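Worksheet for the structure shown next.
The values are calculated or read from the model by the stated rules, or taken from the named source; none is laboratory data. In this text the structure is predicted, and so the values were computed from the model without any measurement. Virtual Cβ from ideal backbone geometry, glycine too; neighbours counted across all protein chains shown.
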Amino acid sequence: MVRFFLLFTLVLGAVNVNAASFQVEDIEVKGIKKIAIGTVLNYLPLKAGDVFDDRDSPKVIRELYKTGFFNNIELLRQNNTLIIRVKERPAIARVKVKGNKEVTDDSMKDALKQIGMTKGKTFNQNLLEKLKLELQQLYYSLGKYAVRIEAEAKQLDEDRVEINITISEGAPARIRSINIVGNQAYSDQELLKQFELEPTESGVFASDKYSSVKLAGDLESLKSWYLDHGFIRFNIDSKQVTISPDKSDINITINVTEGEQFRVSKVAITGDLIVPEKDLKALFLLREGDVFSRKRITTSVKLMTSRLGIEGYAYAEINPLPKVNDQDKTVDLTMLVVPGDKMRVRKILFEGNERTMDHVLRREMRQMEGAVYSSSKVDRSKIRLQRLKFISSVETRNVRVPEEKDLLDVVFTVEERFSGSFTVSAGYSQDQGAIFSLGLTNDNIFGTGNRLGITFDNNKAQQKYVFSYENPYYTPDGVSRGFSLSYTKTDAEQASISNYLLDKIRIALDYGIPLSEYNKFRFSFGLERSDVHLSIFSSNEIQQFIIDNNDEINAGDVITGDVYDSAFASVSFSKDSRNRLIFPERGQVNSVGLELFGGELDYYKLFYRHQSLFPVTDKTTFSFKGRLGYGDTYTDNSDLPFFEKYRAGGVRSIRGYDYNSLGPLDSRFDPYGGNFQMITNTELLFQIDALGGADSFRLGLYFDAGNVFARYQDFEKDELRASFGISAKWLTAVGPIELSYAQPVNDQPGDQTKNFQFSLGAPF
């Protein structure tokens, strides 16, 4: 309880003063601990030098009390000094919340902050009731009508309190029905497809938890649907949300007026036409006679604005001016072009690159400082940044230079991806068995954009040691150079193919030369030694290959293996327009190449790889991948070496068939491989934000087809194997992981099928 005292007597032995008013010579504030004296004086409606009498006291007390800082306020006079004695309200030492599951801790903190219930704030008992009401409304908006909220203040000491909030959320109200009244052009079923909310009867996975925010969004989607289909006069007249007495069921009724459907009668483009009218008109997605569509107009505006941006008009505006004729249900559309000033770029700035050096990002720029602004060059610069393995996302914005009407800065905000790690991991793969991996890899070592890799991988079929390094900008023009040294020990039998052991050591030097923005030429050369060891279980084909390619082996000799030293060179050409390298969403890549080996074995391998990606929706991508491979000898060698033959089956090629199981078999009925390979993968990929979002997770529905043949002359389409299924791909700290469940379509007797497959390190 606040006590107000006005004491116009002298204290500390002073005598009574008969005057009811006096001129204030000084003001003293006593009793404050946490609040600055200046803060108190700022709220006072008087100052030193003013005349004060008893009629002013209520005003002074009222103004100080309104601050919410004080429990008690006393006014006293000592001579001509006004003394204000106060007792501060306690501060909030901490706020404890328990029982909140539907509302995240961050959302709860924001709600408490808006009310003023946060650590360090002055405590006001009246705010507790307000707090309960605010939180109750928050839960009601989420469909939690059975929520119970208790809030109490616990006194810790004279100056501090603790706020304890206990929440019992209760079961959410479920949507029993959604009814649309007044619709004639479209059925309820068609319209409800535009809604995120669904009635419970829609199925087990129905989104039937009521949310006022989601309902507001659904009403906007409904309005957009009608406006995109020509119903300009569409209106949502009202909505009713009713809840059952037990607060468990909700019924939603939406009353609408559709109006008539309008068509476009005329399209005109006017204004300052910096770009030829025919070029802009070609970007407009509506023609005379088409049904009016707000969505098409919005998209057209974006396309036309982007076109003006290419010419340097970064702040161009395209203003649609519709003229509606209610009599004949038509709309005349006039697009007013306001290009604004032609802009130049003063600076290009980067934000968010905590690890990556500025020049590493700057060398990817196609928009130059000091040059005329071009939206296409800025967009291309953004894509080039996104294609860096250590960058997960990029956003751009233009910032006008103050007092300069034709200058702007372009700011690239990047989000860096974890691009390197020192890992020691153990696991299990269905195809590779137990796995042990030790490695240091970094695609952006010391922030330079250079890649360094030192890895050791061990599984039941293979031990592999690799050291590699690549500088993507060995020259300022973007010529890359890299080298690698690897040693691999393979137990082919454990890899589900023919029985032999192979030790291979390889050293290579690689160059990449950009021919244009999208085209690149690569060549590499190096040395390789392949040491083959056979056993009594090795097939006749393998033994015959060694006999045919070694003049020193005589008939009847025991064949234990052979060693082959080769020099090699490879060339390839690729055209890549994908928007990113990891989880791309649009673009194409085509790559063709030749590997040539010479020495104790002379052979070549040709390949062609393709991928096309198309965005279906904002979070759905269609992907088609295909690859062809062919190899053979070009001298007197008998055949392509058995350890270089193509194989198929498994997560990396045709899912639903066992690892390496497809293609020709050897004399022991083990997969032997072939000289010709054809594989296609068609997939619909979905982003699932709850499982990792765009940068780290994809769910897919796929159809795979392909096989391996002894030679390309042996290709028969009836021998292609196919499967369909569902896949999941994660990019994790230990590497990419892919899981798939497949159903083979046309498997034949003898085929080794496997429905569930997974792999660590499968390429995406």
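Residues that are in a strand (DSSP E or B), under 23 Å from the mean Cα position of the chain (by Cα) and more than 30 Å from Ile232 (Cα to Cα) occur at least once in the stretch 328-349. Scanning the stretch 166-197 for residues being touching an Asp or Glu at 6+ places or on another chain (Cβ under 7 Å), at pLDDT 85 or above and surrounded by 18 or more Cβ atoms within 10 Å (Cβ to Cβ) gives a total of 6.
Looking for something in contact (Cβ under 8 Å) with a residue 60 or more places away in the chain, surrounded by fewer than 17 Cβ atoms within 10 Å (Cβ to Cβ) and outside the structural domain of Arg366 (by TED's automatic domain parsing) - is there at least one such residue anywhere in the stretch 276-284? Break it down stepwise before answering.
The first filter runs over the stretch 276-284 and keeps only residues in contact (Cβ under 8 Å) with a residue 60 or more places away in the chain, leaving none.
Scanning the stretch 276-284 turns up no residue that is in contact (Cβ under 8 Å) with a residue 60 or more places away in the chain, surrounded by fewer than 17 Cβ atoms within 10 Å (Cβ to Cβ) and outside the structural domain of Arg366 (by TED's automatic domain parsing).
Which members of the stretch 123-144 meet the condition of being of a type in the set (A, V, I, L, M, F, W, C) and crowded, with 16+ Cβ neighbours inside 10 Å? Steps first, please.
First pass over the stretch 123-144, keeping only residues of a type in the set (A, V, I, L, M, F, W, C): 123, 127-128, 131, 133, 135, 138, 142.
Within the stretch 123-144, Phe123, Leu127, Leu128, Leu131, Leu135, Leu138, Leu142 meet the criteria.
Val571 passes every criterion in (1) of a type in the set (A, V, I, L, M, F, W, C); (2) more than 48 Å from the chain's Cα centre (by Cα); (3) part of a strand (DSSP E or B) apart from (2). Of all residues in the stretch 202-219, those satisfying the criterion of being without any contact (Cβ under 8 Å) to a residue 24 or more places away in the chain and of a type outside the set (A, V, I, L, M, F, W, C) are Ser202, Gly203, Ser207, Lys214, Gly217. Selection over the stretch 235-255 of residues that are assigned to a strand (DSSP E or B) and over 22 Å from Glu220 (Cβ atoms) gives a count of 2.
Residues are listed down the side, and each one gets a yes or a no for (1) touching a residue at least 12 places away in the same chain (Cβ under 8 Å); (2) under 38 Å from the mean Cα position of the chain (by Cα); (3) under 22 Å from Ala316 (Cβ atoms):
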site	(1), (2), (3)
Gln240	yes, yes, no
Ile269	yes, yes, yes
Arg294	yes, yes, yes
Thr298	no, yes, yes
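Across the stretch 151-159, a minimum of one residue is classified as surrounded by fewer than 15 Cβ atoms within 10 Å (Cβ to Cβ) and either assigned by TED's automatic domain parsing to the domain that holds Ile37 or of a type in the set (S, T, N, Q) (or both). Of everything listed in (1) surrounded by 13 or more Cβ atoms within 10 Å (Cβ to Cβ); (2) of a type outside the set (Ser, Thr, Tyr); (3) under 23 Å from Arg578 (Cα atoms), the single unmet condition for Glu395 is (1). If you scan the stretch 93-102, which residues turn out to be modelled with pLDDT under 80 and surrounded by 14 or more Cβ atoms within 10 Å (Cβ to Cβ)? Across the stretch 93-102, the qualifying residue is only Glu102. Looking only at residues of the stretch 605-624 that are of a type in the set (Lys, Arg) and either assigned to a strand (DSSP E or B) or in contact with a Ser or Thr (Cβ under 8 Å, 6 or more places away or on another chain) (or both), we find that the one that is surrounded by the most Cβ atoms within 10 Å (Cβ to Cβ) is Lys605.
Any residue at all in the stretch 548-566 that's under 27 Å from Tyr702 (Cβ atoms), without any contact (Cβ under 8 Å) to a residue 60 or more places away in the chain, among the aliphatic types (A, V, I, L, M) and surrounded by 15 or more Cβ atoms within 10 Å (Cβ to Cβ)?
Taking the stretch 548-566 and keeping what is under 27 Å from Tyr702 (Cβ atoms), we get none.
No, the stretch 548-566 contains no residue that is under 27 Å from Tyr702 (Cβ atoms), without any contact (Cβ under 8 Å) to a residue 60 or more places away in the chain, among the aliphatic types (A, V, I, L, M) and surrounded by 15 or more Cβ atoms within 10 Å (Cβ to Cβ).
Asp237 fulfils the conditions (1) surrounded by fewer than 14 Cβ atoms within 10 Å (Cβ to Cβ); (2) under 13 Å from Arg174 (Cα atoms); (3) not hydroxyl-bearing (Ser, Thr, Tyr) except for a single criterion, (2).
Does Ile679 meet the test of being β-branched (Val, Ile, Thr), surrounded by fewer than 17 Cβ atoms within 10 Å (Cβ to Cβ), at pLDDT 90 or above and out of contact with any His (no Cβ under 7 Å at 6 or more places or on another chain)? Please lay out each step first, then the result.
Values: β-branched (Val, Ile, Thr): yes; surrounded by fewer than 17 Cβ atoms within 10 Å (Cβ to Cβ): no; at pLDDT 90 or above: yes; out of contact with any His (no Cβ under 7 Å at 6 or more places or on another chain): yes.
No: the conditions fail for Ile679.
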